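Right, one structure below, let's go through it.
Rule-based calculations on the coordinates, nothing more; no lab input. Bear in mind the structure is a predicted one, so any value in this text is a computation, not a measurement. Every residue, glycine among them, receives a Cβ derived from its backbone with ideal geometry; neighbour counts consider all protein chains shown.
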Amino acid sequence: MSVQGMIFDIDRFAVHDGPGIRTTVFLKGCPLRCLWCHSPESQSNHPEILYQEERCTACWLCIEVCPEDALTAGERQGKAVAILDHAYCTACSRCIDVCYSKALRLAGSSITVGELMEDVCKDIPFFQSSGGGVTLTGGEPLMQPEFSYNFLLACTLHNIHTALETTGFARWELLTRLSSVTNLFLYDVKFIDSDCHKRYTGVSNDLILKNLMSLTKLNCEIQVRVPCIPGINDGEDQIRSLAKYVGRMGIKSIALLPYNAAAGAKYRWIGCQYTLTDRETQTQEYMNSLADICREEKLQVQIGG
């Protein structure tokens with residue numbers, strides 16, 4: 001199939017994105033701007049250069065080949081480094097080609113459904129032996145609806161179990177079309193309160209919750225996934241309200257995702273500042289207490305992806 005999409009990563013032998021051993025495909029582009037996003041390189045819908053300063057050897061080869069003068073020499077904390085100005089970078093990749101220390105790499109490349117399927121089909125024996133399959137995530141796959149639909153359709157035609165992780169922030173027509181080729185929805189719910197959702201993600205959750213309710217009426221298999229962010233949405237009262245809301249919809253499964261304290265490093269790779277540097281991953285004991293709250297609402301609970 002010649003339908004093209006833009007991906008930024010493929011994770012093979014994943015075990016946290018649905019049942020069994022899975023191949024997880026990450027698409028570029030997301031309409032939300034969650035303060036805790038653990039993949040900030042997924043947000044834009046175009047290719048971008050990632051720069052890992054700690055790997056830089058100050059050879060300056062990248063500066064010599066940069067046609068846009070997006071790279072300059074500089075010094076940070078007493079160390080000579082290359083400085084990438086993302087505002088001028090066109091992601092032509094010339095700097096990556098000469099960077100022997102792998103301090104620079106590209107996030108975002110075009111691929112056709114056919115090319116991706118050729119790669120994914122290599123993992124079919126692992127799917128069959130483990131009850132696994134393919135998970136499409138992002139970013140937000142619904143920002144690339146044609147590619148997402150055709151890729152999941154191709155997986156279905158190959159008898160590969162399909163899972164779609166989504167924010168739910170999209171037109172209902174897109175979701176309902178994808179429901180015909182999706183075995184399992186991994187549906188992110190951050191807040192029940194709309195004002196809090198808009199404050200921390202940049203958008204209201206009215207459409208998200210409306211779409212979730214509509215999916216339940218299609219009898220889709222759904223697991224609600226909650227990224228638990230310390231001091232923001234992981235309070236016991238907040239989780240209890242969310243669990244009650246989900247339970248009333250008839251959804252049986254929920255995953256509580258502990259905070260990923262390591263995510264902040266990625267923001268430096270794209271020249272952005274991470275604002276939640278003072279947060280720490282919850283203890284297992286605390287996550288267990290949140291899980292118990294959800295079990296009180298008769299939900300099946302998974303801690304972690």
Task: Cα-based helix-to-principal-axis angle, 206-217 vs the chain, degrees rounded to 10 - done: 50
Open item on the list: Between W172 and S194, what's the calculated FRET efficiency when r is the beta-carbon distance and R0 is 22 Å? Round to 0.05.
Closed with: 0.75
Task: Size of charge dipole - segment 48-107 - debye, nearest 20, with Cβ of Lys, Arg +1 and Asp, Glu -1, no other charges - done: 240
Task: Residues of segment 141-157 with amide N under 14 Å of the 7 Å Cα→Cβ point at L207 - done: 141-145
Open item on the list: Return the Rg/Rh ratio of segment 48-107 with Cα-based radii and a Kirkwood Rh.
Closed with: 0.91
Task: Helix 284-296 vs. the chain, principal-axis angle (Cα, 0 to 90°, nearest 10) - done: 30
TODO: For E54 and R105, calculate 0.36 nm times their separation in residues minus their Cα-Cα distance, and state this gained length in nm to one decimal.
DONE: 17.0 nm
TODO: Might you report the magnitude of the Cβ-based charge dipole of segment 203-268 about its Cα centre, with Lys and Arg at +1 and Asp and Glu at -1, to the nearest 20 debye?
DONE: 160
Task: Derived scalar couplings ³J(HN,Hα) [segment 82-91; Karplus, 6.51 cos²θ - 1.76 cosθ + 1.60; whole Hz; x for Gly, Pro] - done: 7, 10, 9, 9, 5, 5, 10, 6, 9, 6
Open item on the list: Using the crude model of +1 on Lys and Arg Cβ and -1 on Asp and Glu Cβ, and no other charge, please compute the dipole size for the chain relative to its Cα centre, in debye to 20.
Closed with: 560
Task: Sorted by Cβ density within 10 Å, fewest first, the residues I229, I254 - done: I229, I254
- [ ] Beta carbons within 10 angstrom, averaged per residue: use that to sort the peptides 269-282, 137-150, highest first.
- [x] 137-150, 269-282
- [ ] Could you pull out every residue, at least 5 positions away or on a different chain, whose amide H is within less than 5 Å of the one on L257? Hs are placed 1.01 Å off N in the peptide plane, and Pro or chain starts have none.
- [x] V226, C228, G304
